[in-house]
1. On a full-extension model of 0.36 nm per residue, what is the gain between D103 and A52, subtracting their alpha-carbon distance, rounded to one decimal in nm?
2. Could you please state how large a percent of the accessible area of the chain is carbon and sulfur, counting protein chains only and using a 1.4 Å probe?
3. Tell me the per residue accessible area of the chain using a 1.4 Å probe; a whole number in Å² is fine.
4. Roughly speaking, what is the stretch gain from A79 to S44, that is 0.36 nm per residue apart minus the C-alpha to C-alpha distance, in nm to one decimal?
5. Using only Cα atoms, figure out Rg for region 72-181 and give it as a multiple of 2.2 N^0.38 Å.
6. Rg/Rh for region 1-132: what does it come to with C-alpha atoms and Rh from Kirkwood?
7. So which chymotrypsin sites (Phe, Trp or Tyr not before Pro) in region 1-79 are both in a DSSP loop and have at most 11 other Cβ atoms within 10 Å of their Cβ?
8. Could you check the spin-label model distance between R90 and H29? Points 7 Å from the Cα along Cα→Cβ, value in nm.
Amino acid sequence: MRYTKEHRAQAKAAIVQEAGRTLKENGFHGVGVDGLAASAQVTSGALYSNFANKEAVLEEVVATQLGIEFAGLADQEPAVRRRLLGDVLRVYLSDLHRENPADGCVMPSLSADVARAGDSVRETYRRRMVDVIATIAPAMPGDEEEQVQQAWTLVASIVGAITIARALPSGDQAQAILDAVLTTALDSIPDERRE
């Protein structure tokens with residue numbers, strides 16, 4: 001039985017969705033192809049029929065999932081973009097995000113793995129990061145160059161905060177990092193101060 005292109009595309013998207021959750025939870029080297037396939041409820045052969053290797057799965061996860069937290073900001077007026085960015089930051093720098101890497105952002109979970117990956121994965125990561133910055137920058141103050149610089153600073157600080165908070169035991173220190181970075185991040189956005 002031959003599947004339609006649409007069916008194959010849907011199957012591939014489902015594999016990427018579940019494999020992405022598994023990669024974010026366990027890291028690239030913490031799970032094998034069989035584990036990725038099992039997480040997507042497919043055989044290893046089905047995974048290989050969609051991807052050349054495990055690194056190709058990582059690349060597709062980066063291509064489709066990196067920055068989705070910020071997608072709602074795109075094409076918004078600056079005032080709306082600032083308000084939405086504040087909302088995103090409150091969720092991003094939360095205990096819920098810290099405690100649930102599988103359902104969270106690609107950046108704190110997989111950036112170190114991307115750094116060790118091949119050029120194709122790293123280039124896909126670079127392109128997606130540039131897109132994220134272009135989405136966030138109009139919410140920041142200053143001229144275009146200053147906005148881009150501040151967007152990079154914001155992203156680096158929130159990703160770093162989640163990464164460090166996840167490495168610490170649950171408790172006051174982990175929460176203090178998230179709270180401190182959230183305060184600073186909100187203060188960096190015009191008209192989006194702490195509530």
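The values are calculated or read from the model by the stated rules, or taken from the named source; none is laboratory data. None of these values were measured; they are calculated from a predicted model. We place every Cβ from the backbone using ideal geometry, glycine too, and count neighbours over all the protein chains shown. Note: accessible area is taken over every heavy atom of the protein model, side chains too, but ligands, DNA and RNA are not part of it. Shrake-Rupley method; radii C 1.70, N 1.55, O 1.52, S 1.80 Å.
1. Full extension of this stretch gives 15.9 nm more.
2. Values: 5330 of 10350 Å².
Carbon and sulfur: 51 percent of the exposed surface of the chain.
3. 53
4. Length gained between A79 and S44: 7.9 nm.
5. On the way: Rg = 14.6 Å, N = 110, 2.2 N^0.38 = 13.1 Å.
Compactness ratio reported: 1.11.
6. Checking Rg against Rh, the ratio lands at 1.01.
7. Those that pass, being in a loop and sparsely packed, are Y3.
8. 4.0
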